[in-house]
1. Of the residues 103, 48, which single one is of a type in the set (Val, Ile, Thr) and more than 24 Å from residue 23 (Cβ to Cβ)?
2. Suppose we keep only residues that are in contact (Cβ under 8 Å) with a residue 12 or more places away in the chain and assigned to a loop (DSSP other than H, G, I, E, B) within the range 59-84. Which one would you say is surrounded by the most Cβ atoms within 10 Å (Cβ to Cβ)?
3. Which residue, of 20, 35, is of a type in the set (Ser, Thr, Tyr) and surrounded by 14 or more Cβ atoms within 10 Å (Cβ to Cβ)?
4. Scan the range 90-105 for residues that are of a type in the set (Lys, Arg) and within 13 Å of the chain's Cα centre (by Cα) and jot them down.
5. Taking the range 24-58, which residues are in a loop (DSSP other than H, G, I, E, B), more than 17 Å from residue 90 (Cα to Cα) and hydrophobic (A, V, I, L, M, F, W, C)?
6. Going through the range 88-113 one residue at a time, which ones are under 22 Å from residue 26 (Cα atoms) and part of a helix (DSSP H, G or I)?
7. Of all the residues that make up the range 53-83, how many are of a type outside the set (D, E, K, R) and over 30 Å from residue 116 (Cα atoms)?
8. Can you work out which of the residues in the range 95-104 that are within 11 Å of residue 65 (Cβ to Cβ) and touching a residue at least 12 places away in the same chain (Cβ under 8 Å) is surrounded by the fewest Cβ atoms within 10 Å (Cβ to Cβ)?
Amino acid sequence: MTNLHDLPTGGHRPPSLRRSVAFIHENADSDIGLSEIAAAANLTPRAVQYMYRRHLGVTPLEYLRRVRLDRAHRDLQAADPTVDTVNSIAGRWGFAHAGRFSVAYRRVFGTQPSATLRTTRQRDDREARRGA
């Protein structure tokens, strides 16, 4: 699931899957759940769960969580650690519990979110010294 908006190649990709994936990407920063995803696909929640398992190998909420993790990762890389915090960025993407966010982030990206934030700052500092 490197580029989450790209669906796996091969096989049939139902329009309802494309609609629901687009809905998730467009609304990842909102308070959405299975019922909203199902409504966007014009299907029942159970049908959406089955469709995601069959075509993507994850549940719709797992897919949503991964989209949110990717967005948080992107924001952490672009953040200014003197202004932004891991908790504020996690909260922006719907992660209310810092510990759970940290565990999920580390599982996907292999590092702590705070390390991503610090690494960004260190890289910016090195680039500023080179340019000076």
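1. Checking each option against the conditions leaves just 103.
2. The first filter runs over the range 59-84 and keeps only residues in contact (Cβ under 8 Å) with a residue 12 or more places away in the chain, leaving 60-61, 63-73, 75-82, 84.
Going one step further and asking which of them are assigned to a loop (DSSP other than H, G, I, E, B), we end up with 79-82, 84.
Working: 79: 19, 80: 10, 81: 17, 82: 6, 84: 16.
Here the residue is 79.
3. Details: 35 fails: surrounded by 14 or more Cβ atoms within 10 Å (Cβ to Cβ).
Every option except 20 fails the conditions.
4. Of everything in the range 90-105, just one residue is of a type in the set (Lys, Arg) and within 13 Å of the chain's Cα centre (by Cα), namely 92.
5. Narrowing the range 24-58 to residues in a loop (DSSP other than H, G, I, E, B): 28-33, 42-44, 57-58.
If we keep only those that are more than 17 Å from residue 90 (Cα to Cα) too, we end up with 33, 42-44, 57-58.
Scanning the range 24-58 gives 43, 58.
6. Passing the criteria: 88, 89, 90, 91, 92, 101, 104, 105, 108.
7. So the count comes out to 1.
8. Applying the filter and picking the extreme gives 104.
The values are calculated or read from the model by the stated rules, or taken from the named source; none is laboratory data. From a predicted model like this one, the values you see are computed outputs, not experimental measurements. All Cβ positions, glycine included, derive from the backbone under ideal geometry; neighbour counts span all protein chains shown.
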